[in-house]
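Enquirer: The following block contains the structure, expressed as structure tokens.
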Amino acid sequence: MVSSSTIDVPHLGGIKAGYVLSGNGYDSSKPTVVLINSMCTTVALYRNQFEDKNLTDAVNLLAIEPLGHGSTSSPTEHFTYWDSAIMALQVMDKLGIKKAFALGTSQGGWIVVRMALLMPEKILGLLPLGTSMDYESAESRDQGAWEPTAIIKPFVEKWTSKTETPEFIVDDIWCGMVASLGFSGTVSAETIDFWNETLKRTYTGDEGRKKVRMASINLLSRDGLLHRLQDIKCPVYWLQGTEDTPFGMTLPVEQIKLFTSSKEAKLTMVQGGGHYLNATSPREVNEAILDIVKKYGN
């Protein structure tokens, strides 16, 4: 789970998408769950899911790295979360996966909902984790969401350059912020060290600077989904940690109500869970995956 393979898909003129598939390849006799990772992480975020034999015996796990993350690369510097959603759907097609459940952590939640909006016939159910369906609007901030512009914009400005930057490497401050906001103090020092090293390996050189810069711009400039949620028809099992720093617990309580056309829309609060919930509370997340697959996988 440290590195991923890549697969070529046509979106944006030809993307190399980083991914990992459980087992010995796609097994058409089992349901598939697509996993989309959080900001500045890689497919390694889902290590606890891939190492759960009960889970991998029941389903195919397909972890895909969004644009700006991990091994995924694109011929164009600019992209949005909609582009990552299209890319993920094309990865499914390339691997012969006609339908899947889709789980997304933090920004991954925004991407998997977009997948369901773009091609509802392909998405059997959604598991958003530690996320929000809005941008950081004034309304969202009133409900406890963070305001990321003051934190992230100075980094974007620092990473903007008119000349190539072959010596670039993402700094310790950014790495520390990703770890502290994401894991909410609920994981070991060894895990934090792993992610610091992973970020520095991913975001290095001129290409790495462009990737982390655009991933950050993508977060700051994204569109909200609140008015689109009524068009989601598949079941939604949303899980939120009680220690989620960026989005808290009030906001998901209100937003789950907007999935008015869903077969089933429920919110589960995970006691002690951090923002990157699948990593901080893998047992609860893995159980939720098995629950939704068992109920809606046929």
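Conditions (1) within 13 Å of Cys40 (Cα to Cα); (2) at pLDDT 95 or above; (3) not hydrophobic (A, V, I, L, M, F, W, C), marked per residue:
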{"site": "Phe155", "(1), (2), (3)": "no, yes, no"}
{"site": "Lys158", "(1), (2), (3)": "no, yes, yes"}
{"site": "Ser161", "(1), (2), (3)": "no, yes, yes"}
{"site": "Pro166", "(1), (2), (3)": "no, yes, yes"}
{"site": "Ile169", "(1), (2), (3)": "no, yes, no"}
{"site": "Val178", "(1), (2), (3)": "yes, no, no"}
{"site": "Leu181", "(1), (2), (3)": "yes, no, no"}
{"site": "Thr191", "(1), (2), (3)": "no, no, yes"}
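Enquirer: Go through (1) among the hydrophobic types (A, V, I, L, M, F, W, C); (2) closer than 30 Å to Ile192 by Cβ; (3) buried (at least 22 other Cβ atoms within 10 Å of the Cβ) one by one and return the number of the condition Ile292 breaks.
Expert: For Ile292, the failing item is (2).
Enquirer: While we're on this one: Is there a residue being assigned to a helix (DSSP H, G or I) and buried (at least 21 other Cβ atoms within 10 Å of the Cβ) anywhere in the stretch 232-248? Let's see the steps before the verdict.
Expert: Kept after step one, since they are assigned to a helix (DSSP H, G or I), are these residues of the stretch 232-248: none.
No; the residues of the stretch 232-248 include none that is assigned to a helix (DSSP H, G or I) and buried (at least 21 other Cβ atoms within 10 Å of the Cβ).
Enquirer: Taking the stated definitions as given, is Asp206 part of a helix (DSSP H, G or I), over 26 Å from Ala100 (Cβ atoms), touching an Asp or Glu at 6+ places or on another chain (Cβ under 6 Å) and of a type outside the set (Val, Ile, Thr)? Break it down stepwise before answering.
Expert: Values: part of a helix (DSSP H, G or I): yes; over 26 Å from Ala100 (Cβ atoms): yes; touching an Asp or Glu at 6+ places or on another chain (Cβ under 6 Å): yes; of a type outside the set (Val, Ile, Thr): yes.
When the stated conditions are applied, Asp206 passes them.
Enquirer: In the stretch 113-134, what count of residues is obtained for those that are without any contact (Cβ under 8 Å) to a residue 60 or more places away in the chain and either part of a helix (DSSP H, G or I) or not hydrophobic (A, V, I, L, M, F, W, C) (or both)? Steps first, please.
Expert: From the stretch 113-134, those without any contact (Cβ under 8 Å) to a residue 60 or more places away in the chain are 118-119, 121-122; that's our starting set.
Checking the rest, the ones that are also either part of a helix (DSSP H, G or I) or not hydrophobic (A, V, I, L, M, F, W, C) (or both) come to 118, 121-122.
So the count comes out to 3.
Enquirer: Out of everything in the stretch 133-150 that is under 20 Å from the mean Cα position of the chain (by Cα) and among the aliphatic types (A, V, I, L, M), what residue ends up being modelled with the highest pLDDT?
Expert: Per the stated criteria, the residue is Met133.
Enquirer: I'd like to check something: does the stretch 268-276 contain any residue that is more than 22 Å from Ser137 (Cα to Cα), of a type in the set (Val, Ile, Thr), buried (at least 21 other Cβ atoms within 10 Å of the Cβ) and under 20 Å from the mean Cα position of the chain (by Cα)?
Expert: yes
The values are calculated or read from the model by the stated rules, or taken from the named source; none is laboratory data. The shown structure was predicted, so the numbers you read here are calculated from the model rather than taken from an experiment. Using ideal geometry, Cβ is built from the backbone for each residue, glycine included, and neighbour counts are taken over all protein chains shown.
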